Each structure stands twice: as C-alpha cells, then as structure tokens.
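The values are calculated or read from the model by the stated rules, or taken from the named source; none is laboratory data. As the structure is a prediction and not an experimental result, all values here were calculated from the model. Cβ coordinates were reconstructed from backbone atoms using ideal geometry, including for glycine residues, and neighbour counts include every protein chain displayed.
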Amino acid sequence: MSARPSPRRARQRSRSSAGPVAVWLIALLVALVATVQLRSQAEVERSLVQADPATLAFSIDQLSRSNDELVAQINDLTQRRAQLQSGGSAAADRQLQAELDQLRILEGLVPVHGPGVVLVIDASGLTALDLQDAINNLAAGGSEALAVNDQRVVAGVPIVQTAGGVTVGGTLTPPPWTILAIGDTNRLAETADAMTQQLRGDRRVRVATYRVESDIVIRAVVTERPFVYGVP
Amino acid sequence: MGRAQPLSTALVALVALAVGFLLAGQVKAQLLTPSNQVGRNQALIRSVQDLERTNQADRAKIERLRAEIDTLEAQAASQSQTTQGLKNQVADLRAHAGLTPLHGPGVEVNLSSGPPGSDASGQNRNLITYQDVQDLVNLLFASGAEGVAVSGRRITPMSAFSGSEGEVIVDQGPPLFSPIRIVAVGDRNGMEAALGDPNSLPSLRIREIQFLLTLIVRGAPDESLPAFDGSLEAPHVGPA
C-alpha cells in the first residue's frame with residue numbers, strides 16, 4: 001500500500017549496483033597506478049637520454065686524464081711554493097727564470113725540440129678549417145709545440161682562408177702540409193694514426209702519412225704581440 | 001535480468017584482469033631492460049660527477065697556489081732589483097698566456113643548440129659541437145682578439161677543444177653544454193665585423209637556418225676574462 005520499496009528490494013538493488021562499481025573502481029585504480037608507474041619510469045629515462053653511455057665513457061676518460069694533469073701541476077706549484085718560502089730572492093730568481101723559459105716555449109717565442117710526430121697531408125680543396133682541425137686534433141692529442149710548413153702555431157695564431165689560399169700567421173701556407181708536433185709520442189702517434197686513417201678514406205686526399213721521431217726541432221717562432229686593447 | 005547482472009560483472013572483471021595483464025606485460029617487456037640500462041647509466045653519471053668535483057677542487061687549488069706564489073715572488077722582488085726585473089718579464093708573459101685576468105673592449109657570443117628533434121635525420125646536427133666553438137675562437141683571434149674565454153675557461157697558447165655530441169671540453173676542464181658563452185677582449189670592431197660576415201662560420205650559418213641553432217653577438221665597452229686555472233705543463237719540449 002505504501003510507495004516506499006521494501007527493505008529486501010532495496011538491499012538487492014544496492015548489492016547488484018555495488019558489484020560492478022567496485023570492479024570498475026579497482027580497474028580504474030589499476031590503470032591509474034600503472035599509468036603513474038609508466039610515466040615516472042619514462043621520465044627517469046628521458047632525463048638520462050641526454051647522456052648516452054658512449055658520451056659518459058668519453059667524459060670519464062677525458063676527466064681522468066685532465067685530473068692527472070691537474071695533480072701534476074699542483075705538485076709542481078706546491079714544490080715551487082715550498083722553495084720560495086725557504087729560499088728567499090735566490091730561489092725566486094731561479095724559479096722566475098725557469099718560468100720565463102717555460103712560458104717563452106709555450107707561447108712559441110723561442111725555437112724548441114723534443115720527441116714527436118711528423119705528419120704530411122696533401123689533398124685537393126684543403127681549406128683553413130681543415131688545417132685548424134688537424135692542429136686542434138694534435139693539440140688535444142698531447143702536442144706541446146706545433147709548426148706547419150715552418151710556421152709556428154699556438155692557439156691565437158690566425159689560420160685564415162684567403163683568395164690565394166690558407167695563411168698561417170699572415171704567411172701563405174699551401175699544401176702539402178708538413179706538420180711537426182712535439183709531445184708524448186704514444187699519444188701523438190695514436191692521434192696521428194686516427195687522423196691519417198680518416199684522411200685516407202677521402203678520395204681527394206693524395207697523401208696522408210705520419211712518422212714518429214725521437215727528436216724534432218722547430219726553429220720557427222711567433223712574433224710577440226703587445227696588448228693594444230686588453231688590460232691585465 | 002537477474003542473470004544479466006552477474007554476467008556484466010564477470011565481463012567487467014575480465015576486462016579489468018585483461019587490462020592488468022596487458023599493463024604488466026608492457027612493464028615487463030619495455031621497462032625492465034631499459035631500467036638495467038638506466039642503472040648502468042646512473043653509475044657512469046655518478047663517476048662523471050665525482051671526477052667533475054675533483055676537477056673543480058683541483059683547479060681551485062691551482063688558483064690558490066698561483067696566488068700564493070705570486071705573493072711570495074712579490075715579497076722577494078721587493079728586496080732585489082734583479083728579482084723585480086724577472087718578475088716584470090714573467091708578468092708580461094703570464095698575461096699573454098692567459099694566466100692573469102684581462103679586461104677591455106670586446107664581444108660576447110652566446111651559442112645555443114637547436115631544439116630537440118629539429119634534426120629529423122637523427123644525426124643531432126641541432127647540437128653545438130666542439131668544432132663550432134673551435135671555429136668561433138679561431139675567428140675571434142683572427143679578427144683581433146687578445147684574449148678569449150669559453151664559458152669561463154680561459155684560452156691559452158696550448159688550448160685544445162674536444163668532446164662528443166653536444167659536449168664541449170676545453171683543455172682539462174669539465175664538459176660544457178649549450179648554451180656556450182664565448183667572451184673575447186680585443187679589437188671590438190674587427191671582431192664584430194668578422195662575426196657579422198655571412199661568409200664566416202659556414203657550418204654554423206647553415207645549421208642556424210636548418211636546425212635553429214642560435215648565435216647571438218653583443219659588443220661591449222668592457223668585458224672581463226678570468227685567469228686560466230688549469231695545467232700548463234709541457235714535459236716533453238725544451239729550448240733548442
């Protein structure tokens with residue numbers, strides 16, 4: 001007689017609608033958790049994609065060598081400091097003279113000698129960029145002094161492409177290029193080997209050879225340029 | 001109707017189960033192997049970070065030692081004219097070698113890689129390379145730079161550039177990444193003209209258009225360069 005549903009019917013209706021809802025909720029939850037997991041995992045991977053294992057291995061190798069060189073420099077400077085602390089003016093004179101000699105070598109101001117490699121490169125269509133690449137590769141490969149066709153090269157010596165060809169420090173330097181590099185012969189030979197192998201793969205290249213020598217003399221020097229604009 | 005409801009519940013349960021299995025399969029197939037790879041990469045990254053910390057500490061130590069030596073030399077020079085003469089000569093060479101800070105008119109170049117995916121071929125030509133930085137530094141020296149620094153790393157007569165995709169290493173420094181900031185002190189007009197020449201830096205110019213690399217040049221009346229804080233050891237070469 002009353003419009004109100006019986007308690008039994010109500011219980012039946014609520015039980016029958018609660019089942020699918022619970023299942024849907026569980027399915028939704030599973031999907032959500034899985035999605036969150038997938039996304040977070042993908043994000044971790046994305047942040048690491050920028051550095052692939054080869055790049056990381058290269059960085060480790062490079063940094064290890066760099067750190068060894070820095071330690072050698074620290075040891076040298078520590079020794080110099082100790083000598084200065086105990087030796088007074090006489091020690092300072094000796095050290096300053098030694099540094100003067102070393103800086104003149106590094107800046108290409110005096111003739112030098114030492115072990116190293118001699119590269120000969122000849123090809124059609126060689127440009128200033130090719131020579132810059134070769135010089136940089138040798139510098140990165142352990143070269144401590146460099147010359148191309150009797151022109152001394154240090155960072156800062158302009159290698160320029162002109163209408164007449166490639167100039168080094170303002171002097172026309174046409175191929176074939178004979179590059180003298182003084183430094184650690186093991187490292188330099190490895191670098192020169194890689195360079196010449198790559199060059200020989202280029203059909204334009206006529207000659208790409210190198211040899212290791214126990215004593216190379218570089219007589220060419222760089223002319224010192226005083227600062228015009230810069231103030232130390 | 002009474003029979004249809006349990007059927008739909010069973011169907012939903014089956015769908016949920018299938019979704020769960022599919023997701024689990026996906027996780028197994030796609031994530032387990034890469035997560036091992038991620039683990040290996042993370043170990044490599046930790047090694048790089050450790051080495052970078054050591055590198056930074058060593059360079060700071062070199063800077064401190066050079067400053068201490070300079071002070072001790074100045075003390076010795078104040079007591080001897082010979083020492084003072086030598087110290088002046090060394091100071092001039094140190095300045096040219098990049099071992100002391102330098103300031104003056106110059107230019108600042110900001111070089112940035114193109115957006116990811118702008119090289120559809122997958123060759124990553126949108127990334128700046130050490131050759132790009134090498135070309136820029138050479139151009140600056142050829143057009144009147146008296147001193148150059150790359151993202152705070154001073155260039156010396158012995159400087160060399162290396163690196164792999166998107167990574168630039170200058171001498172013994174840690175890897176540098178985009179954006180790279182190159183500052184040069186010297187003939188500002190000459191450098192600005194060279195950088196503005198459309199025929200210079202051909203590789204960069206083409207990739208600026210194709211892969212959206214950016215090269216922003218700004219002249220300034222007074223730029224500052226830091227001193228070199230790495231090693232200038234040359235144990236194999238001696239005076240002839």
Have a look at B:Gly147, B:Gly104, B:Gly85 and point out the one that is over 28 Å from B:Pro202 (Cα atoms), assigned to a strand (DSSP E or B) and either within 11 Å of chain A (Cβ to nearest Cβ) or modelled with pLDDT of 95 or more (or both).
B:Gly104
Kindly check whether there is at least one residue in the stretch A:38-58 that is closer than 30 Å to A:Ile218 by Cβ, at pLDDT 70 or above and either assigned to a helix (DSSP H, G or I) or not assigned by TED's automatic domain parsing to the domain that holds A:Asn149 (or both).
no
What tally of residues in the stretch A:103-117 results from selecting those that are more than 7 Å from every other protein chain (Cβ to nearest Cβ) and crowded, with 21+ Cβ neighbours inside 10 Å?
2
Only one of these conditions is not met by B:Ala160: (1) touching a Pro at 6+ places or on another chain (Cβ under 8 Å); (2) under 19 Å from A:Ser66 (Cα atoms). Which number is it?
(1)
Which residues, counting only those in the stretch A:140-185, are within 13 Å of chain B (Cβ to nearest Cβ), touching a residue at least 24 places away in the same chain (Cβ under 8 Å) and over 19 Å from B:Phe141 (Cβ atoms)?
A:Gly141, A:Gly142, A:Glu144, A:Leu180, A:Ala181, A:Ile182, A:Gly183, A:Asp184, A:Thr185
Result of the Cβ filter at 9 Å on the stretch B:166-193, keeping first residues that are farther than 24 Å from B:Glu63 by Cβ and modelled with pLDDT of 95 or more and partners that are surrounded by fewer than 19 Cβ atoms within 10 Å (Cβ to Cβ) and acidic (Asp, Glu), at least 6 apart or interchain, is none
Within the stretch A:145-158, identify whether any single residue is assigned to a loop (DSSP other than H, G, I, E, B) and in contact with an Asp or Glu (Cβ under 7 Å, 6 or more places away or on another chain), and answer yes or no.
yes
